[in-house]
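Working notes, beginning with the structure itself.
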Amino acid sequence: MTAFKRIALIFSTFFAAGLCFAAPASAQATRTWISGVGDDANPCSRTAPCKTFGGAIAKTAGGGEINCLDPGGFGSLTITKSIAIICENNPQAGVLVAATNAIIINVPAGTYVTISGLYVDGLGSTGVAGVNGIYVLQGGNVTLRNMTIGGFRNGYGVNFVNTQAGKLIMDNVSVIEGGIVSDTLTGGVLVQPAAGITADVTIVNSRLLNNQNIGLRLDTVNIIGSVINATVDNTTIAGNTNGILLKSPPSTGTIKLILDHSVVSNSSSFGLIVNGTGSTARVGNSLISNNLTGVAALQSGSLFSYGNNQLDGNGTDGAFTSLIPNK
């Protein structure tokens with residue numbers, strides 16, 4: 001073999017090896033796009049968008065962002081990493097499901113998930129209504145904003161049942177027409193952290209409307225050591241069977257609610273119920289009116305007023321258990 005042929009053979013061998021060990025497929029993008037006319041076989045770029053959230057999230061890096069280019073129904077989704085889904089400019093963008101959950105969040109501690117600008121529809125007027133709109137099994141920091149979540153008759157619009165310490169923020173969110181009469185453990189919003197877990201919840205500038213059974217349920221029944229710290233501000237809770245329920249029996253958990261500058265009205269049963277020794281609500285600057293019963297403190301629950309509320313016009317107004325003096 002001549003020297004030239006030996007050199008050519010060595011070169012071809014290295015070239016073939018290079019093909020065998022070619023660079024992996026391109027890394028996940030920090031920002032991706034979806035469109036009603038997209039295709040999940042695409043790279044989810046702005047000029048070649050994907051069609052579903054499921055297709056896009058697989059191609060989006062942790063901590064990245066998915067944007068909606070146009071209106072569309074983009075499919076149910078399970079989130080397992082930090083992600084932001086931002087569809088502010090397309091109010092018809094959303095998720096439409098029947099007989100299942102729309103968006104499941106199951107992420108590690110310290111993870112940030114933001115969902116903004118979606119309409120999440122559980123088809124409540126059909127015989128196969130959705131289960132939960134936003135279902136948080138495990139979530140570090142979850143922010144929902146500028147959204148409507150409606151029609152989840154077989155569960156809750158928002159179901160926050162964290163198994164690790166976590167935070168939920170709802171800003172300008174409407175939760176409507178959740179729950180079903182035949183199942184009292186359904187409704188608008190449920191917060192129920194696991195044993196020994198703390199859930200911090202903030203609901204601002206929002207609306208919980210026309211939900212069966214309950215608008216907002218804060219619950220530690222049969223859960224030892226759980227803690228719920230909730231703030232509800234500038235929010236309307238109206239047309240529900242019961243507006244707000246805090247339920248924390250002895251030897252379970254602790255619930256603390258601050259209700260400020262809000263309206264609780266048109267409940268066919270109770271406006272605000274505080275039930276159990278571990279339950280404390282502090283209420284200020286709020287209107288509780290036109291409910292069958294305005295407020296009730298049961299089983300040694302604590303219901304405090306700052307003295308600047310309007311508790312009036314209910315079938316039975318009820319009474320706060322204590323007045324907090326202005327200082």
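Would you mind estimating how fast the chain diffuses translationally, via Stokes-Einstein at 10 °C and 1.306 mPa s with the Kirkwood radius over Cα pairs, in µm²/s? Answer from the Stokes-Einstein relation: 75 µm²/s.
At 0.36 nm per residue, and after removing the present C-alpha to C-alpha distance, how many nm does the segment from residue 323 to residue 45 gain when stretched out fully? Walk me through the numbers on the way to the answer.
Details: separation 278, 0.36 × 278 = 100.08 nm, distance 5.78 nm.
Result: 94.3 nm gained on full extension.
A Gaussian network model of the chain, with springs between Cα atoms under 10 Å, assigns the largest mean-square fluctuation among 27, 129, 56 to 27.
Averaging the Cα positions of each part gives two centres, and for segment 207-230 and segment 58-134 these lie 22 Å apart. Of the whole protein surface, residue 200 contributes about 50 Å² of accessible area at a 1.4 Å probe radius.
Close amide H contacts of residue 255 (hydrogens built in the peptide plane, cut-off under 5 Å, sequence separation of 5 or more or a different chain): 228, 279, 280. Using the Cβ of residue 207 as centre and a radius below 15 Å, the other residues enclosed give a net charge of -2, where K and R count +1 and D and E count -1. Between 272, 218, 137, the residue with the greatest mean-square fluctuation in the GNM of the chain (Cα pairs under 10 Å linked by springs) is 137.
The charge dipole of segment 58-187, taken about its Cα centre with unit charges on the Cβ of Lys, Arg, Asp and Glu (plus for the first two, minus for the last two), comes to roughly 280 debye.
Per-residue ellipticity at 222 nm, computed for the chain from helices alone with -39500 (n - 2.57) per DSSP H run of at least four residues, works out to -2000 deg cm²/dmol. A 1.4 Å probe, protein heavy atoms only, puts the accessible area of residue 257 near 0 Å². Dipole magnitude for the chain: about 980 debye, using +1 per Lys or Arg Cβ and -1 per Asp or Glu Cβ, origin at the Cα centre. Accessible surface calculations at 1.4 Å, restricted to protein heavy atoms, place segment 135-207 at 32 Å² per residue.
Considering only protein heavy atoms and a 1.4 Å probe, what is the carbon-and-sulfur percentage of the accessible area of segment 63-212? On segment 63-212, the fraction of accessible area on carbon and sulfur atoms equals 50 percent. Residues of segment 198-232 with an amide N closer than 18 Å to a point placed 7 Å from the Cα of residue 261 along the Cα-to-Cβ direction: 202-208, 230-232. How far is the Cα center of segment 135-162 from the Cα center of segment 239-279, in Å? Between the Cα centre of segment 135-162 and that of segment 239-279, the gap is 19 Å. Averaging 1/r across all pairs of distinct Cα atoms in segment 208-327 and inverting the result yields a Kirkwood radius of 13.8 Å. When the chain is treated as a Gaussian network with alpha carbon springs shorter than 10 Å, the biggest mean-square fluctuation among 62, 179, 127 belongs to 127.
Relative to the longest principal axis of the Cα atoms of the chain, the long axis of helix 3-20 lies at roughly 20 degrees.
Considering only Cα-Cα distances, which of the following residue pairs are longer than 25 Å: 51/81; 256/327; 167/247; 51/167; 167/256? Beyond 25 Å: 51/167.
The values are calculated or read from the model by the stated rules, or taken from the named source; none is laboratory data. Just so you know, these numbers come straight off a predicted model, no measurement behind them. Ideal geometry is used to build each Cβ from the backbone, glycine not excepted, and the neighbour counts take in all protein chains shown. Side chains included, ligands, DNA and RNA excluded: accessible areas come from the protein's heavy atoms. Shrake-Rupley method; radii C 1.70, N 1.55, O 1.52, S 1.80 Å.
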